[in-house]
2 protein chains.
Amino acid sequence: MSGIPRLSHLLETSVYVRDLDRAQAFYQDVFGFELFLRDERMAGLAIPGASILLLFLRGASNAPTPTDGGGDIPAHDGGGSVHLCFAIPLGELAAWEAHLDAKAITAESRITWPRGGVSLYVRDPDDSLVELATPGLWPSW
Amino acid sequence: MSGIPRLSHLLETSVYVRDLDRAQAFYQDVFGFELFLRDERMAGLAIPGASILLLFLRGASNAPTPTDGGGDIPAHDGGGSVHLCFAIPLGELAAWEAHLDAKAITAESRITWPRGGVSLYVRDPDDSLVELATPGLWPSW
């Protein structure tokens with residue numbers, strides 16, 4: 001769109017959790033995301049493709065957080081059973097299904113979309129809805 | 001990590017909003033995201049880099065949603081003032097600051113990080129905390 005500066009990509013998404021250790025273990029163990037930051041307030045996990053999953057302890061960020069960078073991170077907080085989705089290669093779908101089985105994680109739903117993509121839906125420990133989607137879901141994926 | 005199938009990238013993040021028209025207008029007008037899906041329950045906006053921002057009307061997805069694909073989308077719902085972040089090129093930072101000014105949007109905070117990156121924080125119409133971050137924020141960005 002004219003007049004709007006360039007934007008690179010979706011860098012961070014957040015999930016607000018009741019137990020940081022439990023959520024961190026789930027995303028490391030099931031998805032293999034690398035932990036690069038952890039304190040009492042939050043955990044930062046690297047997602048392939050130069051994006052980040054932030055896990056925040058519920059209620060721990062609802063006041064500004066001072067930084068060393070000359071400004072505060074403004075307040076935020078969330079909850080509920082939110083939806084997020086990770087893209088997987090088409091050729092990895094069977095491996096993901098076997099991997100979830102091996103972890104004793106039952107997909108709550110499996111959808112084949114009109115464009116040919118397949119989505120698997122699982123729950124994280126805080127009941128957020130995590131989707132794994134092959135190409136063929138959206139116009140751009 | 002050994003034994004974990006490959007994952008491509010972060011495909012979707014979600015924001016749960018009180019007014020779909022208002023939220024859609026904000027993300028189209030300020031960020032230029034292309035709308036590719038809209039109904040009474042949700043809006044789908046394409047983010048550069050093959051990712052998707054999903055706007056859900058609060059409370060409208062808290063029961064399974066039937067699809068044409070032979071399965072239901074499981075229930076989900078969220079709220080609060082959540083955090084999400086878009087990566088911007090370093091060379092576009094000044095243009096983003098001018099663009100926000102032109103839209104009469106005041107950054108709630110501006111942080112220069114130890115790695116040299118700069119973050120701008122703005123609020124969406126539902127008080128979610130939207131960050132724009134140049135390279136130099138995380139080990140992987």
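Read the figures in this text as sums done on the coordinates, not as results from a lab. Just so you know, these numbers come straight off a predicted model, no measurement behind them. All Cβ positions, glycine included, derive from the backbone under ideal geometry; neighbour counts span all protein chains shown.
Quick notes on this structure:
- For chain A, Kirkwood radius (reciprocal of mean inverse C-alpha pair distance, Å): 16.7 Å
- Averaged over the residues of peptide B:118-126, the number of Cβ atoms from other protein chains lying within 10 Å of each residue's Cβ is 2.
- Each copy carries a label point for A:S140 at 7 Å from Cα along the beta-carbon vector; from one copy to the others these points are 1.9 nm apart, nearest first.
- Only helices enter this figure: runs of n ≥ 4 DSSP H residues, each worth -39500 (n - 2.57), summed and divided by the residues of chain A, yield -4500 deg cm²/dmol at 222 nm to the nearest 500.
- Percent RCO, i.e. relative contact order, over the stretch A:8-62, from Cα pairs under 8 Å lying at least 6 residues apart: 42 percent
- For the stretch A:8-62, the Kirkwood hydrodynamic radius comes to 11.2 Å, computed from all pairs of different C-alpha atoms.
- Pairs of C-alpha atoms in the protein assembly as shown farther apart than 25 Å represent 44 percent of all such pairs.
- Cα centroid of the stretch A:1-48 to Cα centroid of the stretch B:59-94, whole Å: 14 Å
- Measuring from the axis that maps chain A onto chain B, the chain A residue with the nearest beta carbon and its rounded distance in angstrom come out as A:T13, 2.
- When DSSP beta bridges are restricted to pairs lying wholly in the stretch B:7-60, around 60% turn out antiparallel.
- Label-point distances for B:G70 to the equivalent site in the other copies, using a point 7 angstrom along Cα→C-beta, read 5.8 nm when ranked shortest first.
- Extended-chain gain in nm, criterion 0.36 nm per residue less alpha-carbon gap, A:E34 and A:R110: 24.7 nm
- Copies compared at A:T106 - label distances in nm, ascending, label defined 7 Å from Cα in the Cβ direction: 5.3
- Distant-in-sequence amide contacts of A:Y16, defined by a placed amide H-H separation under 5 Å and a gap of 5 or more residues or a different chain, comprise A:F56.
- Rounded FRET efficiency, nearest 0.05, which uses the C-beta distance separating A:S140 from B:A60 and R0 of 25 Å: 0.60
- Cα→Cβ-extended label distance, 7 Å offset, between A:R18 and A:K103, nm: 2.0 nm
- Centre-to-centre separation between the Cα atoms of the stretch B:97-141 and those of the stretch A:102-141: 31 Å.
- Peptide B:99-106, shielding by other chains (average Cβ, 10 Å cutoff): 1
- Axis angle, to the nearest 10 degrees, between helix B:93-102 and the longest C-alpha principal axis of chain B: 70 degrees.
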